[in-house]
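Read through the structure below, which is laid out as structure tokens, and then see the notes.
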Amino acid sequence: MNYTVKQLADLSGVSTRTLRYYDEFDLLKPAFINGSGYRIYERHQVEKLKIILFYRSVGLSLKEIKMLMMNKDVDLNKLLKTHRNKLITQRNNIDRLLQITNRMIEQDKGEIGMENKETFEVFKEQIIKENLEHYEDELKQKYPQSILDSSANHFKKMSLSDYDEMSKIEEQLIDMLREATAEDRKQIYDLHKKWLSYSIPTLTNEVHKGIVDMYVQDKRFSKYYDDRIGESATAKLRDAVFQYTM
């Protein structure tokens, strides 16, 4: 059976954007392009995608997967051992989170005691890990690794007071978007830029536009704002940023 990008995305659970990126990255090319310009995948490509998704599930990067699939001399055992060590580190972080949560339950605090430095550091590590797990492919399509590394390192160094301020700015932004009119666009733009600057200190207009455009294009991003605020909230944010980053 042959599959279009949309059909293969529905079958595999991988987004159409990711499949197109795999094509551009020379990781998973379609069997052919049909007369209408659509990428068409056959059984061989479906089987290859299964292998890619398996390698992704154990933590291999796209670059490592490409090496494995193009070069039979690559030592898979060595790669898997390296990633086993990474998984052990992740498990240890989860164990630390569980210990902290259990302490909080015992103390009946009802909320994360962020004043505890250990708690805050683990919390930041968890956010970075989850972002990579959910959005790594999409982010790498749009931005060079240097920007992604810089953002992650900056976030790791963020103080608790900065994180609290960043959270307050986000709440202001959400409140503004909830009742937004055309006159509010400048303030929406300023708030979002200020909020992003906490994790991307070298934020440029092009990067800013790319981020909000990704919010709209990827349902996982748009869901964050639209579910909390209302339908079209993400589009309002995108329009405000585009207006003031000309």
Filter segment 213-246 down to residues that are more than 12 Å from residue 188 (Cα to Cα), in a helix (DSSP H, G or I) and among the β-branched types (Val, Ile, Thr), then give me how many there are.
-> 2
Taking the options 104, 114, name whichever one is modelled with pLDDT under 70 and either part of a helix (DSSP H, G or I) or charged (D, E, K, R) (or both).
-> 104
From the list 209, 156, which residue is out of contact with any Pro (no Cβ under 7 Å at 6 or more places or on another chain), basic (Lys, Arg) and open to solvent by 60 Å² or more (accessible area, probe 1.4 Å)?
-> 156
Is there a residue in segment 129-140 that is modelled with pLDDT of 80 or more and more than 14 Å from residue 240 (Cα to Cα)?
-> no
For segment 135-173, what are the residues that are over 27 Å from residue 14 (Cβ atoms) and either over 20 Å from the mean Cα position of the chain (by Cα) or among the acidic types (Asp, Glu) (or both)?
-> 159, 160, 161, 162, 164, 165, 168, 169, 170, 171, 172, 173
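Give the residues of segment 143-153 that are surrounded by 15 or more Cβ atoms within 10 Å (Cβ to Cβ) and not polar (S, T, N, Q), sorted by residue number.
143, 147, 148, 152 - these are the residues of segment 143-153 that are surrounded by 15 or more Cβ atoms within 10 Å (Cβ to Cβ) and not polar (S, T, N, Q).
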If you take the residues in segment 144-163 that are among the charged types (D, E, K, R) and without any contact (Cβ under 8 Å) to a residue 24 or more places away in the chain, which one is farthest from residue 210 (Cα to Cα)?
-> 157
Tally the residues that are modelled with pLDDT of 90 or more and exposed (fewer than 14 other Cβ atoms within 10 Å of the Cβ), restricting the search to segment 186-203.
-> 1
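The values are calculated or read from the model by the stated rules, or taken from the named source; none is laboratory data. These numbers were taken from a predicted model, which means no experiment stands behind them. Heads up, the Cβs are rebuilt from the backbone with ideal geometry, glycines too, and the neighbour counts pull from every protein chain shown. Areas reflect the complete protein model, heavy atoms only, side chains present, ligands, DNA and RNA absent. Shrake-Rupley method; radii C 1.70, N 1.55, O 1.52, S 1.80 Å.
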